[in-house]
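Worksheet: one structure, shown below.
The values are calculated or read from the model by the stated rules, or taken from the named source; none is laboratory data. It should be emphasised that the depicted structure is a prediction, and the values quoted were computed from it without experimental measurement. Positions of Cβ are backbone-derived with ideal geometry, glycine not excepted, and every protein chain shown enters the neighbour counts. All accessible areas refer to the heavy atoms of the entire protein, side chains included, with ligands and DNA or RNA removed. Shrake-Rupley method; radii C 1.70, N 1.55, O 1.52, S 1.80 Å.
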Amino acid sequence: MKILDLLEIAIKSLAGIFLCTVFVLVTAQVASRFIFNFSFAAASEISIYAAIWSVFLGAAVAFRGNRHIAMDFVKNALPKRLQKFLNLFIFLCLALFLAIITLKGYDLSLRAMRQVSPAAGLQVGYVSMAMPVCSVLALVFLIENFVTQLKKAPEND
């Protein structure tokens, strides 16, 4: 799908920006400590927050290409009919898990908006928002992947 391709590119770009931010901030933090004997406390905090967002965004993208680690030796040993049933069961479990993470993560993020990080002065809810936002993205990619598998599956099995 063209829209999902663009969404994946946007997510990868954003994750890359966050990773670059981590690199720049950590490098600046180390350099300032050794060269100027001064520490940027906010840089440390922001680099952690950027890393959190980068990881969650990357996890969402991994759902698109079915690139999460999987132990499929049991599934592959099963007959084709049972494999289809197991695929459906796994899809439902993952969808339920992502839905729970979305709902509970959103609730957590709303409560965390009242907290402010000590050094950077950012609302912690914006960091926590990585969970529900990226879980929704992962769910979209999971559904796309499942629908693609259904279309590829031969009807006469």
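The table below lists the values:
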{"read-out": "Near pairs, Cβ below 8 angstrom, 6+ apart or cross-chain, from the stretch 68-89 (closer than 21 Å to Leu142 by Cβ) to any residue that is exposed (fewer than 10 other Cβ atoms within 10 Å of the Cβ)", "value": "Gln83/Asn76; Lys84/Asp157"}
{"read-out": "Subset of the stretch 92-131 (residues that are more than 17 Å from the chain's Cα centre (by Cα) and not in a helix (DSSP H, G or I))", "value": "Met113, Arg114, Gln115, Val116, Ser117, Pro118, Ala119, Ala120, Gly121, Leu122, Gln123, Val124"}
{"read-out": "Qualifying residue in the stretch 24-43 (condition: of a type outside the set (Phe, Trp, Tyr), closer than 30 Å to Phe146 by Cβ and in contact (Cβ under 8 Å) with a residue 40 or more places away in the chain)", "value": "no"}
{"read-out": "Every residue from the stretch 91-117 that is farther than 18 Å from Trp53 by Cα, open to solvent by 30 Å² or more (accessible area, probe 1.4 Å) and in contact (Cβ under 8 Å) with a residue 12 or more places away in the chain", "value": "Phe91, Leu94, Ala99, Arg111"}
{"read-out": "Selection status of Leu122, over 27 Å from Leu4 (Cβ atoms), open to solvent by less than 90 Å² (accessible area, probe 1.4 Å) and out of contact with any strand residue (DSSP E or B) (no Cβ under 6 Å at 6 or more places or on another chain)", "value": "yes"}
